[in-house]
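Report on the following structure.
The values are calculated or read from the model by the stated rules, or taken from the named source; none is laboratory data. All figures in this text were calculated on a predicted structure; none of them were measured in a lab. Positions of Cβ are backbone-derived with ideal geometry, glycine not excepted, and every protein chain shown enters the neighbour counts. Calculation scope for accessible area: heavy atoms of the full protein, side chains included, ligands and nucleic acids excluded. Shrake-Rupley method; radii C 1.70, N 1.55, O 1.52, S 1.80 Å.
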Amino acid sequence: MENNQIQDFDNKYSVKSEIEHILDRSGMWIGSNANEVINYPLFVPSKNKILFLPNIGYNSGLLKLIDEVLSNSIDEYRRKESLFQITEIYVEININGSVVIKDDGGIPVQMHKATGLLIPELIFGHLRTSSNYDDTQEREVVGTNGLGAKLTNIFSKSFSVQTSDAKNSVCIDWYNNMRSSSKDLDKYPGVGFKINKEDSKNHGTQISFQLDLERFMIEQLDLATIRIIQKRCIDAAAANPGLKVKFKSDIAQGKLDSDWIFSTFEEYVDLYIDDKLASNLITYKNKKDTIIIVPENLGFNFGFVNGAVCSEGTHIKKIEKQLTTSILEYCNKNEMELITEKDIINRISIFVNTVVVNPTYDSQSKKTLTNRIDKYILNFTREFLESLNDSVLMQALKDYYEIKYAETKKKELKKLNNLLKSTPTKKLISCVSKDANRNELWLFEGNSASNGFRKSRNLFQSAYLLRGKITNTFNLNKNQIVENVELREVIAALGILFGEPGKNVKNCKFNKIIFATDMDVDGNHISGLLIAFFGKHFPELFKAGRIYRALSPIIVCSKKGQPKKYFHTLEDFEKESHNLKGWEIIYTKGLGGLDDEDYKIMVRQQKLIQFVYENEEDMNAISVWFDKATEMRKELLLIDSGEIE
């Protein structure tokens with residue numbers, strides 16, 4: 001029995017070579033090798049467009065093998081320290097599974113000291129070898145793990161590298177899924193391969209391989225697979241403006257043969273859209289990024305990272321987050337507060353060509369980028385985000401809002417207005433008169449003015465006593481405003497409602513709305529907050545000339561037998577100071593420093609500033625000071641502080 005148990009364990013556990021493990025467990029190395037049917041974007045020559053076509057046969061693992069070799073050439077094109085600047089890549093793929101990919105670069109034909117291997121042999125015939133392992137260096141290429149083209153070699157019946165570095169050339173062949181090679185140390189001692197001398201103008205690399213199609217349960221490559229590779233060639237040219245990519249195949253009598261080169265990323269995006277949509281594209285560019293926002297949902301986003309297709313992950317999420325945050329901020333300020341992040345995402349498609357230093361992915365298939373994106377990468381400027389407010393995208397959202405949310409908005413508005421109508425105005429000092437054409441509502445800073453105003457006012461004057469500074473309402477929506485008891489009572493006292501500008505001018509219970517605040521910094525701030533409140537939410541009252549600020553005296557001079565003299569600015573006082581010998585001079589500490597006689601003068605012999613709202617520039621001026629952080633406000637503050645001229 002013990003002997004049987006030992007025998008069972010011997011059969012249960014086994015050891016595989018790396019090549020056997022990769023071949024037998026291909027899913028963890030190249031992704032799925034199953035054939036599936038999907039919708040996929042392909043180039044349609046008759047329309048000169050890239051269209052999503054249904055029922056396209058797709059084998060991600062098989063395609064990955066060709067991608068890996070193509071990516072090597074693309075990486076060399078992008079790598080700053082390449083031996084030669086690549087200008088052209090040639091891709092040939094045939095029905096029988098034979099593939100040729102060549103470029104006009106070149107690989108150093110020399111020995112690698114640490115391993116004693118020829119460099120082309122090292123990088124194509126030994127796993128986990130790469131020029132991308134030094135994470136202290138900033139890499140802007142696709143390769144990361146040192147597997148890449150070696151996997152292609154393993155999944156090929158034969159694999160050949162021919163390369164020249166303008167000094168020497170070599171040809172290295174592998175067979176039987178990279179298990180054996182043409183290396184012959186007896187014939188070529190120390191190297192194993194014949195090295196030829198080359199002319200200084202002769203350089204380039206050609207990779208030829210015969211895919212082991214049986215491992216993918218197919219006998220030959222079909223039209224769909226070859227068209228997908230053609231699309232990858234188009235992508236390679238598009239992600240690397242100026243690079244020429246030539247495609248050739250023996251399928252369909254050579255009808256897919258084509259050369260591709262793009263001057264700009266926009267030229268590539270035009271292949272996906274019609275001329276009408278092309279005129280509405282929103283483009284953002286900097287040194288490393290080109291981002292194109294299509295104001296229509298095409299059903300997909302499309303991205304290149306370091307020259308290779310990568311349409312999912314942190315780069316797309318960062319772009320979406322910036323767009324939605326900015327647009328939602330605008331919507332909340334402009335009566336579109338019901339718009340959601342999903343509403344925005346569902347109305348755009350994103351094309352991006354970006355460079356990410358030392359990229360990381362979710363798997364060897366490199367479908368999804370996982371890097372935490374640096375704040376300086378894919379970062380829109382404030383100017384660009386603000387430009388979206390006048391874009392076709394915003395107009396589309398406005399149209400959508402009116403269609404989907406109009407009824408909801410109407411019900412919500414009715415609910416809020418009913419609440420305003422039923423709001424008691426507990427702190428209102430009412431006037432006797434019911435004549436809206438003569439009545440005045442004074443908005444006082446604090447309760448200290450209560451007694452003085454009651455004694456001094458006339459029949460047409462009312463007052464509402466604010467507790468002090470009101471909240472900044474510039475970015476608040478209607479619900480948030482109504483939640484503020486003081487603001488709700490002020491609106492109720494005026495007899496006005498949300499969303500009814502015409503009726504508000506007619507139904508407002510007061511002809512003048514007068515801000516009565518101290519003539520100091522705090523008082524100015526309170527007046528500014530009130531201007532922002534009425535200017536943003538009830539601009540019709542500004543336009544009707546109803547909004548004022550009362551100038552209260554800052555210096556009161558008195559002398560027995562003489563009427564008091566009031567000064568509203570220090571400049572006025574200094575001009576008259578030489579005539580004030582023998583007068584008692586009192587610097588008031590705000591409205592609370594006035595006596596009953598002073599109040600009577602202020603409310604009966606009014607010195608008022610009328611605020612006028614003429615056009616959108618006036619609202620822009622309010623926005624500079626009361627919107628969330630603005631560049632203009634920063635600049636004005638720096639000018640005021642003398643830091644800039």
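Points to keep in mind about this one:
- Picking from residues in the stretch 10-48 that are in a helix (DSSP H, G or I) and touching a Gly at 6+ places or on another chain (Cβ under 9 Å), the one that is farthest from M217 (Cα to Cα) is W29.
- Selection from the stretch 508-527 of residues that are under 15 Å from V490 (Cβ atoms) and assigned to a helix (DSSP H, G or I): I526, S527
- When the test is whether a residue is under 24 Å from I622 (Cβ atoms) and not aromatic (F, W, Y), V556 does not pass it.
- Some residue of the stretch 186-200 being open to solvent by less than 60 Å² (accessible area, probe 1.4 Å) and among the basic types (K, R): no
- Taking the stretch 202-286 and the helices (runs of 4 or more DSSP H) fully enclosed by it, the elements with 1 or more residues that are among the polar types (S, T, N, Q) and within 33 Å of the chain's Cα centre (by Cα) are at 223-239.
- Odd one out for I95, checked against (1) touching a Phe, Trp or Tyr at 6+ places or on another chain (Cβ under 8 Å); (2) at pLDDT 95 or above; (3) of a type in the set (A, V, I, L, M): (1)
- Per-region count, the stretch 19-50, residues in contact (Cβ under 8 Å) with a residue 40 or more places away in the chain, open to solvent by less than 80 Å² (accessible area, probe 1.4 Å) and on the phi < 0 side of the Ramachandran plot: 14
- Condition met for I585 (touching a strand residue (DSSP E or B) at 6+ places or on another chain (Cβ under 7 Å), open to solvent by 30 Å² or more (accessible area, probe 1.4 Å), farther than 27 Å from L465 by Cα and at pLDDT 85 or above): yes
- Number of positions in the stretch 353-387 that are modelled with pLDDT of 90 or more, under 15 Å from the mean Cα position of the chain (by Cα) and of a type in the set (S, T, Y): 3
- Search result, residues across the stretch 213-245 that are open to solvent by 30 Å² or more (accessible area, probe 1.4 Å) and more than 23 Å from N59 (Cα to Cα): P241, G242, K244
- Only a single item in (1) open to solvent by 40 Å² or more (accessible area, probe 1.4 Å); (2) in contact (Cβ under 8 Å) with a residue 60 or more places away in the chain; (3) of a type outside the set (V, I, T); (4) part of a helix (DSSP H, G or I) is not met by F453, and it is number (1).
- When residues in the stretch 160-171 are screened for being among the aliphatic types (A, V, I, L, M) and either more than 47 Å from the chain's Cα centre (by Cα) or under 20 Å from S200 (Cβ atoms) (or both), 2 of them pass.
- Restricting attention to the stretch 92-116 and to residues that are within 14 Å of V191 (Cβ to Cβ) and not in a strand (DSSP E or B), the residue that is least open to solvent (accessible area, probe 1.4 Å) turns out to be V109.
- Residue pairs whose Cβ atoms lie under 8 Å apart, sitting 6 or more positions apart in sequence or on different chains, and linking a residue in the stretch 368-397 that is without any contact (Cβ under 8 Å) to a residue 60 or more places away in the chain to a partner that is open to solvent by 70 Å² or more (accessible area, probe 1.4 Å), are T368/E312; T368/D362; T370/D362.
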